[in-house]
Amino acid sequence: MGMTFRFAERKDSGLILSFIKGLASYEKMLDQVVATEEQLEQWIFDKRKAEVIFACEDGKEVGFALFFHNFSTFLGRAGIYLEDIFVLPEYRGRGYGKALLRKLAQIAVERECGRLEWWYLDWNKPSIDFYLSLGAKPMDEWTVYRVTGETLKKLAE
């Protein structure tokens with residue numbers, strides 16, 4: 001059967017959360033995960049604000065990518081923003097990460113999107129080297145800003 005892909009279904013909310021926690025653990029940020037299966041089900045499947053695709057080996061989910069559409073005013077079309085990509089440690093080095101990115105690129109092309117983009121952690125040299133090997137270009141001239149929690153609520157007042 002080999003490598004296959006499938007889009008997540010409602011029944012996969014727990015599996016999605018386990019991949020998120022695996023990624024968070026790798027990034028030393030597990031204490032920041034407050035998402036629940038119920039929240040993921042609501043936001044991914046009810047509100048349809050994100051999508052998840054799994055990479056599978058012989059029917060077992062071994063990697064995932066969570067993504068959503070953004071919009072480029074300059075291009076005048078949607079893009080795909082990759083929020084998270086993660087391959088289980090015991091399946092790394094077998095091409096699943098590259099295959100997931102290739103699949104996302106195919107989805108972007110099929111949907112006539114103008115780009116595929118993501119952020120990465122500055123300390124994650126193995127991932128940076130991997131992205132560069134695929135032809136990805138760092139956007140060094142851009143700085144990410146974020147407003148969350150109480151600061152977000154205060155800004156909204």
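Just so you know, all these numbers are worked out from the coordinates, no wet-lab data involved. Just so it is clear, the structure is predicted and the values come from calculations on it, not from any experiment. Don't worry about glycine lacking a Cβ; one is built from the backbone with ideal geometry, like all the others, and counts go over all protein chains shown.
Brief remarks follow.
- Proximal lysines to Lys47, defined as alpha-carbon separation beneath 16 angstrom and excluding residues fewer than eight positions away on the same chain: Lys11
- Mean-square fluctuations from a GNM of the chain, with a 10 angstrom spring cutoff on Cα atoms, peak among Phe19, Phe130, Phe86 at Phe130.
- Highest-MSF residue in the chain out of Val147, Val87, Val33 [GNM, Cα springs under 10 Å]: Val147
- Where both bridge residues fall in the range 3-156, DSSP classifies roughly 90% of the beta bridges as antiparallel.
- Cα centroid separation - the range 1-76 against the range 83-157, whole Å: 13 Å
- Shape summary: the range 3-156 maps onto an equivalent ellipsoid whose semi-axes, from the alpha-carbon gyration tensor, are 23, 21, 18 Å in decreasing order.
- Spatially proximal lysines relative to Lys137 (Cα-Cα < 17 Å; intrachain offsets below 8 disregarded): Lys98, Lys125
- P(r) tail fraction, the range 66-134 - alpha-carbon pairs more than 15 Å apart, %: 57 percent
- Once both labels are positioned 7 Å from their Cα atoms along Cα-to-Cβ, the gap between Arg77 and Arg111 label points is 1.3 nm.
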